[in-house]
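A short reminder: the numbers here are calculations on the coordinates, not readings from a lab. Values in this document were obtained by computation on a predicted structure and should not be read as measured data. Neighbour counts are summed over all protein chains in view; Cβ atoms, including those assigned to glycine, are modelled from backbone coordinates with ideal geometry.
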Ligand code: 3DU
């Protein structure tokens, strides 16, 4: 995943045709495409391979199982062309290590989640989850654009690891705030794919990124 445009599209649409439409319109402004269960279940896992021909694909499966199953899940994603995966850390260091090993280091660990409920269980242990990402050899963490002050806190724990940050747009976070707080990439879904003009929406975000870094 190159680090040029700093924008990752969260492609949470539920048809192959819509996925293709949004990607065609926005691809010039993206470093990667993040896909999650809605699109994988709707279009089938080969969508990973198809999208990987256009951009790096980050598989946001929020993997949270025992180590042996985590390995199987990541192997399947990588076999289909995923460049990186996202896993949960609350399942413990052995489970995270299984993801990191299977992804050859290209794994991101979820810390404090960006939605209001993220404060309930993930926020109190987010610092530990970030430390776990670091000790496991993960590439980085997922941290909330809705709470830029937490991005700053978590950065102190992870050092040079990367921060990818969802919560911009539909969830109320601002790209510029997240980037200024130390995020390496912003993750944006609805603000692009639900826009009447996804190309203009992606360009506006790309312009905001340029002004913020
Ligand atoms: O709110 P948006 O439509 O921009 O989508 C956000 C994406 O980021 C979505 O795919 C969701 O699964 C993911 N995500 C969060 O929103 C919050 C997290 O803490 C972690 C991932």
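Listed values, structure above:
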read-out	value
Sorted by Cβ density within 10 Å, fewest first, the residues 165, 135	135, 165
For segment 38-87, alpha-carbon Rg over 2.2 N^0.38 Å	1.08
Cβ-based exposure ranking for 78, 100, in which fewest neighbours within 10 Å come first	78, 100
Whole-percent pair-distance distribution, where bins are 10 Å wide, for the alpha carbons of segment 1-120	14, 44, 34, 8, 0
Ordering of 194-203, 2-11 by burial proxy (mean other Cβ atoms within 10 Å per residue, highest first)	2-11, 194-203
Å³ per residue enclosed by the Cα convex hull of segment 148-213	70 Å³
Rounded if a/c under 1.5, otherwise prolate or oblate - segment 98-137, Cα gyration tensor axes	prolate
The chain: relative contact order in percent, alpha carbon pairs under 8 Å with at least 6 residues between	19 percent
Segment residue 42-residue 128, length gained on full extension (0.36 nm per residue, minus Cα span)	27.5 nm
Cα principal axis extents for the chain, largest first, Å	42, 37, 29
Overall dimensions of segment 70-123 as given by Cα atoms, namely Rg and Dmax in Å	12.2, 35
Cα gyration tensor, segment 104-201 - rounded (a/c under 1.5), prolate or oblate	prolate
